[in-house]
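Report on one structure; see the data block that follows.
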Amino acid sequence: MTYADPLHHSSLDDVQGLSLGVFLCGIGIFVLTSAGLITGQTAGLAVIIAYLTGYSFGTVFFLINLPFYFLAYKRLGAEFTIKSLISVTMLSVVTEFLPYGFAIQSLSPALAAVIFGALVGLGLLAMFRHNGSLGGLGVVALLVQDTTGFKAGWVQLITDAVIFSVALFLFPASVVGYSLLGALVLNLIITFNHRRDRYIAT
């Protein structure tokens, strides 16, 4: 079975693919924060800042991504940048409104971590498939993979190690441990399933 698609994606293809990716990521992040856990990458920084400042995740996530759009535009092109900007904005909106229609009464942190990692990993794969991302440090990871061949998942794991090391000074060790499990699941999904040569359609 081949995963390469010789046809270009239509606008409708991109809309459904990016929308699905954002929705899966939004639910995953909602599950994560409902369990009081954190994550890595730019979303992790946003979650930590939101916890410490009281601002909503959506607002912090949108603002923290702004500096990365310039890098994305210069190195990965206008299409990728525009799709990433739209996706980040959509995720900020989704995470703002999910609590109004979705409440979690009981959830173990280990299960929350696995659900988060699986949903966000699949969501990001859908977005990568349609030449988009959630911006931020993910842009750096994709750039490193495209220019050096060093897998984006490993870049993200290294970045996460730094973020979680800092988090140990801010959160209980149990929270960081379960959160690290979620990040591991997410990044392994990306590492084993994302290859640019499989996704030649744009």
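Within region 64-79, being buried (at least 20 other Cβ atoms within 10 Å of the Cβ) and within 24 Å of Leu12 (Cα to Cα) holds for one residue alone: Ala72.
Just one of the listed residues (Asp146, Asp160) is modelled with pLDDT under 90, closer than 25 Å to Pro67 by Cα, of a type in the set (D, E, K, R) and surrounded by fewer than 21 Cβ atoms within 10 Å (Cβ to Cβ), and it is Asp146.
What about Phe61, is it surrounded by fewer than 21 Cβ atoms within 10 Å (Cβ to Cβ) and among the hydrophobic types (A, V, I, L, M, F, W, C)? No; evaluated as a whole, the condition is false for this residue. Of all the criteria given as (1) surrounded by fewer than 21 Cβ atoms within 10 Å (Cβ to Cβ); (2) small (Gly, Ala, Ser); (3) farther than 19 Å from Ala167 by Cβ; (4) touching a Leu at 6+ places or on another chain (Cβ under 7 Å), the one not satisfied by Ser34 is (3).
Okay, residues lined up against (1) touching a residue at least 12 places away in the same chain (Cβ under 8 Å); (2) part of a helix (DSSP H, G or I):
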| site | (1), (2) |
| --- | --- |
| Phe116 | yes, yes |
| Leu119 | yes, yes |
| Leu122 | yes, yes |
| Leu125 | yes, yes |
| Phe128 | yes, yes |
| Asn131 | yes, no |
| Gly138 | yes, yes |
| Gln145 | yes, yes |
| Ile158 | no, yes |
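For region 120-136, the set of residues classified as of a type in the set (A, V, I, L, M) and within 10 Å of Lys83 (Cβ to Cβ) consists of Met127 only.
Scanning region 165-190 for residues that are surrounded by 17 or more Cβ atoms within 10 Å (Cβ to Cβ) and part of a loop (DSSP other than H, G, I, E, B) yields a single hit, Phe171.
Residues in region 80-107 that are surrounded by fewer than 13 Cβ atoms within 10 Å (Cβ to Cβ) and in contact (Cβ under 8 Å) with a residue 40 or more places away in the chain: 2 in all.
Candidates are the residues of region 65-123 that are within 17 Å of the chain's Cα centre (by Cα) and of a type in the set (Phe, Trp, Tyr); the one that is farthest from Val144 (Cα to Cα) is Phe116.
The values are calculated or read from the model by the stated rules, or taken from the named source; none is laboratory data. Nothing here was measured: the structure is a model prediction, and the numbers come from that model. We place every Cβ from the backbone using ideal geometry, glycine too, and count neighbours over all the protein chains shown.
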